[in-house]
């Protein structure tokens, strides 16, 4: 029998907690192992249960989700934190990523996106809610900004594909956005990652931040 992914939920609204629990427990391979309604309680519960995933409200009494994420990235690096938020502001997203969050999910779309975010984190990825991604892309495209890292022999197309991938788009979504076949997208992505010697989505996200691809976030 496959071991279930162990999840802690943290939100100061009981109704939200109930909804999250029902959503998580509808997945046969997920299990809720703890709940909390404040930042300090969340830290205690996570320390005690050592879950695989912690789903944390970004705004909680006592300790914000951002501060909690930063603490966990120092004390419990094996726990992957997904931040749940009302905020679609790029500033909050940037703070979340800098703190070490492995996912950023907007509450209004949690029912549609939270399970995907959990599975992305389990696989070693970093999930950004499509609503926030679209805002970032809209601004970037409006400014016609496509950063090409210096000292790397990436083609313009490889750069474009990797930049969109770092923002959380799938190969299929990138294909639709730039009008290139999925197989070609896979090739551009594979070649680009090989040139950069990047082996994981998390590493790609860090690289994207370093070279300015996420400057609009």
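The values are calculated or read from the model by the stated rules, or taken from the named source; none is laboratory data. Computed from a prediction, not measured in an experiment: that's the story for all the values here. Backbone-built Cβ (ideal geometry, glycine too); neighbour counts: all protein chains shown.
The table below gives the values:
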| quantity | calculated |
| --- | --- |
| Criterion violated by residue 3 - all others in (1) farther than 21 Å from residue 123 by Cβ; (2) at pLDDT below 90 satisfied | (1) |
| Residue satisfying condition, being buried (at least 22 other Cβ atoms within 10 Å of the Cβ) and farther than 13 Å from residue 8 by Cβ, within set 46, 58 | 58 |
| Residue ID - modelled with the highest pLDDT, chosen from residues in region 74-96 that are surrounded by fewer than 17 Cβ atoms within 10 Å (Cβ to Cβ) and more than 14 Å from the chain's Cα centre (by Cα) | 78 |
| Single residue of region 183-217 satisfying the filter (at pLDDT 85 or above and over 23 Å from residue 121 (Cα atoms)) that is surrounded by the most Cβ atoms within 10 Å (Cβ to Cβ) | 188 |
| Which numbered condition residue 118 fails, given (1) surrounded by fewer than 17 Cβ atoms within 10 Å (Cβ to Cβ); (2) out of contact with any helix residue (DSSP H, G or I) (no Cβ under 7 Å at 6 or more places or on another chain) | (1) |
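Here's the yes/no breakdown for (1) in contact with a strand residue (DSSP E or B) (Cβ under 6 Å, 6 or more places away or on another chain); (2) surrounded by 16 or more Cβ atoms within 10 Å (Cβ to Cβ); (3) closer than 15 Å to residue 82 by Cβ:
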| residue | (1), (2), (3) |
| --- | --- |
| 5 | yes, yes, yes |
| 11 | yes, yes, yes |
| 16 | no, yes, yes |
| 23 | no, yes, yes |
| 28 | no, no, no |
| 31 | yes, no, no |
| 39 | no, yes, no |
| 42 | yes, yes, yes |
